[in-house]
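The values are calculated or read from the model by the stated rules, or taken from the named source; none is laboratory data. Please read these numbers as outputs of a predicted model, since none were measured by experiment. Don't worry about glycine lacking a Cβ; one is built from the backbone with ideal geometry, like all the others, and counts go over all protein chains shown. To get the accessible areas, we keep the full protein, side chains included, count just its heavy atoms, and leave off ligands, DNA and RNA. Shrake-Rupley method; radii C 1.70, N 1.55, O 1.52, S 1.80 Å.
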Amino acid sequence: MKTIGDYAKLIRSKNAGPFWLSVDIFAEAQYAVLCNRLDNQKIAEAFKVPPDSLKRFDLDDLRVIKLSLPRPVVQGATADRDQHGAQYAHLVSALGLLPDGDR
Amino acid sequence: MTTKVLVPSGVLGLGFDREALALGVAEGADIIAIDGGSTDSGPFYLGTAQSKYARATCKAEWRDLMLARAQLDVPLVIGSAGTCGADSMVDWMLALTQELAVELGQSPKIALLYSEQSQTTLQSRWSQISPLAAAPAFEQQDIDTLSHCVALAGVEQIQAALDTGADIIIAGRCTDTAVIAALPISRGEHVAAAWHGGKIAECGALCTSHPVTGCVMLEVDQTGFTIRPLHPDAQCTPHSVSAHMLYENADPVVLYEPGGHLDVSTAQYRALDERSVRVEGSTWIKAERYTVKLEAARIRGYQYSLLALVRDPHYVKHIRQWSAHLQGFLHRLIEDTMGELDYDLQLRLIGVDATLGELEFVESHPVEVGVLGLITASSDDQAQEIAKLCNPHFLHFSLTDDEPSVTFAFPYSPAETSRGAQYEFVFNHVMELIEPMDGFRLKVVS
């Protein structure tokens with residue numbers, strides 16, 4: 001099964017302040033595929049957050065899909081494992097897509 | 001009119017290309033502006049009012065910028081001095097500047113902008129403070145638990161510092177964009193373009209093809225802005241520039257700042273040549289209330305760490321089971337020995353799931369596992385006592401009772417390490433001000 005990472009040119013994640021996390025999927029040539037088949041529900045499940053807390057922005061001009069969500073753990077809290085939030089990108093990268101024509 | 005802002009890098013301490021800076025100085029600029037901090041490296045720096053970067057690094061870079069400033073005879077401004085922008089870090093940056101002034105034979109006029117908010121101020125203004133989305137719960141009675149609190153200044157406070165006629169401005173915490181946008185807005189350039197250009201240039205050459213070169217030149221005029229790298233090998237493209245709007249920002253087209261917000265949804269990015277990008281069409285929406293964001297940190301406990309290395313294939317194979325048993329055993333042992341305590345004990349399996357924790361989805365087959373124990377308690381003594389109690393079990397804990405005794409590897413002695421006071425961020429709040437300088441202090445020294 002091909003993953004989001006197989007289609008995207010680059011996926012990066014980073015804190016947007018201590019309380020928010022932002023994931024940028026640079027889709028480039030595969031933008032249409034990723035826009036149509038990115039599975040919001042599955043992404044929310046991967047982060048174990050309620051689906052409605054995930055904001056998604058499809059940026060046609062940049063061919064980028066941006067995801068924003070409250071950080072799964074607040075930066076610097078006892079349970080935080082990644083102060084800068086940059087490794088969460090790999091969680092998104094490994095996810096599969098919706099079947100073709102599902103959306 | 002056009003206002004040229006030379007931005008040497010994303011933050012003082014990260015380095016920039018000295019030739020690129022020299023090229024910027026040769027062509028001229030109206031101001032040199034650089035950021036000095038961020039919350040990005042965690043609550044420790046604000047909690048303790050310390051710099052993340054080495055003083056020697058900051059001094060070496062600041063020397064180049066003070067020389068560039070003297071050559072151009074324009075203001076040099078740094079925001080969020082000393083990583084966290086606390087008052088004592090403004091003074092730290094002042095001491096460094098004064099040392100350099102003596103060494104370089106300069107006598108600059110220096111303006112200092114202080115952003116720290118005392119507990120007394122927070123108490124008296126509590127009714128003007130309100131939470132933003134995803135803010136942690138915080139009550140008025142919690143104010144006395146704060147180690148440091150800063151308010152993020154915007155362009156108005158930087159402009160007040162510029163209006164003193166200072167050669168060098170050292171600002172406490174402020175937004176990354178404000179130090180860049182302040183002068184163009186003062187000089188009557190397009191307000192939204194100044195903010196938008198400020199956001200694009202705030203990480204220096206991160207909006208270019210060669211991020212490590214640092215230096216960019218931002219030109220803001222009455223209709224928009226132009227951005228280009230100063231290093232000859234680097235390029236700005238409409239893609240590299242517009243993509244930077246996404247960076248560290250939860251919303252890709254909106255940026256909240258003191259006094260309003262920037263909306264770039266209608267902005268047009270156009271290549272002027274192979275290296276420069278022209279941007280027009282963003283809008284600035286003034287807010288009805290003037291608010292500044294607050295940041296604060298406080299101690300959440302004292303921590304010790306323990307590290308054991310497991311190479312024994314039998315234990316590596318059963319490491320999750322071993323770790324769960326050890327954790328349960330230690331909790332019972334701590335309670336039996338020390339009574340009921342408020343503490344936190346985590347075992348993180350390096351090589352298995354230490355980065356993503358319960359979100360990890362790959363079942364790995366590592367050759368060895370690092371077992372990182374993190375013990376957080378309400379005092380340093382208590383954390384140390386718990387760590388010492390855990391120590392022999394990190395070394396010898398058996399998977400089952402009927403196995404031969406086992407000894408894992410400790411990479412150093414002692415295996416337990418004090419990590420001192422641990423801090424947490426507590427505010428994601430804004431404070432309403434009657435006028436922008438309310439709560440900020442300005443001082444001029446020479």
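So is B:A383 in contact with an Asp or Glu (Cβ under 8 Å, 6 or more places away or on another chain), closer than 30 Å to B:T39 by Cβ, part of a helix (DSSP H, G or I) and open to solvent by less than 50 Å² (accessible area, probe 1.4 Å) or not?
Judged against the criteria, B:A383 is not a match.
Kindly indicate whether any position in the stretch B:116-123 is open to solvent by less than 10 Å² (accessible area, probe 1.4 Å) and within 20 Å of B:D163 (Cβ to Cβ).
no
Tell me whether the stretch B:197-219 contains one or more residues that are open to solvent by less than 40 Å² (accessible area, probe 1.4 Å), in contact with a Leu (Cβ under 9 Å, 6 or more places away or on another chain) and of a type in the set (D, E).
No, the stretch B:197-219 contains no residue that is open to solvent by less than 40 Å² (accessible area, probe 1.4 Å), in contact with a Leu (Cβ under 9 Å, 6 or more places away or on another chain) and of a type in the set (D, E).
Looking at the stretch B:279-311, which of its residues are open to solvent by less than 60 Å² (accessible area, probe 1.4 Å) and not in a strand (DSSP E or B)?
Hits for the stretch B:279-311 are B:G281, B:S282, B:A287.
Which numbered condition trips up B:A250, out of (1) small (G, A, S); (2) without any contact (Cβ under 8 Å) to a residue 12 or more places away in the chain; (3) not in a loop (DSSP other than H, G, I, E, B)?
Among (1) small (G, A, S); (2) without any contact (Cβ under 8 Å) to a residue 12 or more places away in the chain; (3) not in a loop (DSSP other than H, G, I, E, B), B:A250 violates only (3).
Considering each residue of the stretch B:127-147, count those that are within 20 Å of the chain's Cα centre (by Cα) and away from chain A (no Cβ under 14 Å), and give that number.
Residues that pass the stated criteria total 1.
In the stretch A:8-30, how many are in contact (Cβ under 8 Å) with a residue 40 or more places away in the chain, away from chain B (no Cβ under 11 Å) and open to solvent by 40 Å² or more (accessible area, probe 1.4 Å)?
0
Which number in (1) of a type in the set (V, I, T); (2) surrounded by 24 or more Cβ atoms within 10 Å (Cβ to Cβ); (3) farther than 29 Å from B:S88 by Cβ marks the one condition that B:V191 misses?
Of the numbered conditions (1) of a type in the set (V, I, T); (2) surrounded by 24 or more Cβ atoms within 10 Å (Cβ to Cβ); (3) farther than 29 Å from B:S88 by Cβ, the odd one out for B:V191 is (2).
Considering the stretch B:249-291 alone, what residues qualify as being within 14 Å of chain A (Cβ to nearest Cβ) and closer than 27 Å to B:Q128 by Cβ?
Once the filter is applied, which keeps residues that are within 14 Å of chain A (Cβ to nearest Cβ) and closer than 27 Å to B:Q128 by Cβ, the stretch B:249-291 yields B:N249, B:A250, B:D251, B:V254, B:L255, B:Y256, B:E257, B:D263.
Mind counting the residues in the stretch B:370-380 that are within 12 Å of chain A (Cβ to nearest Cβ) and open to solvent by 40 Å² or more (accessible area, probe 1.4 Å)?
1
For residues that are in contact with a helix residue (DSSP H, G or I) (Cβ under 8 Å, 6 or more places away or on another chain) and open to solvent by less than 30 Å² (accessible area, probe 1.4 Å), scanning just the stretch B:317-349, find the one that is nearest to the other protein chains (Cβ to nearest Cβ).
This residue is B:R348.
Looking at the stretch B:313-324, I want the residues that are within 12 Å of B:S398 (Cα to Cα) and have a partner that is crowded, with 17+ Cβ neighbours inside 10 Å and of a type in the set (S, T, Y) with Cβ atoms under 6 Å, at least 6 apart or on another chain. Which pairs are those?
B:W322/B:Y315
Kindly indicate which of B:V367, B:V362, B:V352 is in contact with a helix residue (DSSP H, G or I) (Cβ under 9 Å, 6 or more places away or on another chain), assigned to a loop (DSSP other than H, G, I, E, B), within 14 Å of another protein chain (Cβ to nearest Cβ) and more than 30 Å from B:Q119 (Cα to Cα).
The conditions single out B:V352.
Go through the residues of the stretch B:82-91 one by one and say whether even a single one is open to solvent by less than 40 Å² (accessible area, probe 1.4 Å), assigned to a helix (DSSP H, G or I), within 14 Å of chain A (Cβ to nearest Cβ) and under 30 Å from B:Y302 (Cα atoms).
No, every residue in the stretch B:82-91 fails to be open to solvent by less than 40 Å² (accessible area, probe 1.4 Å), assigned to a helix (DSSP H, G or I), within 14 Å of chain A (Cβ to nearest Cβ) and under 30 Å from B:Y302 (Cα atoms).
Hey, among the residues in the stretch A:43-69 that are at the interface with chain B (Cβ under 8 Å from one of its Cβ atoms) and open to solvent by less than 40 Å² (accessible area, probe 1.4 Å), which one's farthest from B:L132 (Cα to Cα)?
The selected residue is A:L62.
For B:I386, are the conditions met, namely being more than 10 Å from chain A (Cβ to nearest Cβ), of a type in the set (V, I, T) and more than 21 Å from A:G76 (Cα to Cα)?
yes
Name the single residue, out of those in the stretch B:138-168 being under 20 Å from B:E432 (Cβ atoms) and assigned to a loop (DSSP other than H, G, I, E, B), that is least open to solvent (accessible area, probe 1.4 Å).
B:G154
Report the residue count in the stretch A:68-103 for those that are under 20 Å from B:E424 (Cβ atoms) and charged (D, E, K, R).
The qualifying residues number 4.
Would you confirm whether any residue within the stretch B:18-28 is crowded, with 20+ Cβ neighbours inside 10 Å, within 19 Å of the chain's Cα centre (by Cα), hydrophobic (A, V, I, L, M, F, W, C) and assigned by TED's automatic domain parsing to the domain that holds B:E219?
No, the stretch B:18-28 has no match at all.
Report yes if B:A49 is open to solvent by less than 10 Å² (accessible area, probe 1.4 Å) and of a type in the set (A, V, I, L, M, F, W, C), otherwise no.
Against the criterion (open to solvent by less than 10 Å² (accessible area, probe 1.4 Å) and of a type in the set (A, V, I, L, M, F, W, C)), B:A49 does not qualify.
Only one of B:E432, B:E403, B:E424 is within 14 Å of chain A (Cβ to nearest Cβ) and either out of contact with any strand residue (DSSP E or B) (no Cβ under 9 Å at 6 or more places or on another chain) or open to solvent by 30 Å² or more (accessible area, probe 1.4 Å) (or both); which?
Criteria check complete, one pass: B:E424.
So for the stretch B:234-256 (the condition being within 22 Å of the chain's Cα centre (by Cα), more than 22 Å from B:V155 (Cα to Cα) and open to solvent by 30 Å² or more (accessible area, probe 1.4 Å)), does at least one residue qualify?
no
Only residues that are of a type in the set (A, V, I, L, M) and within 16 Å of A:D80 (Cβ to Cβ): list them for the stretch B:346-374, please.
Hits for the stretch B:346-374 are B:L347, B:I350, B:A354, B:L356, B:L359, B:L372, B:L374.
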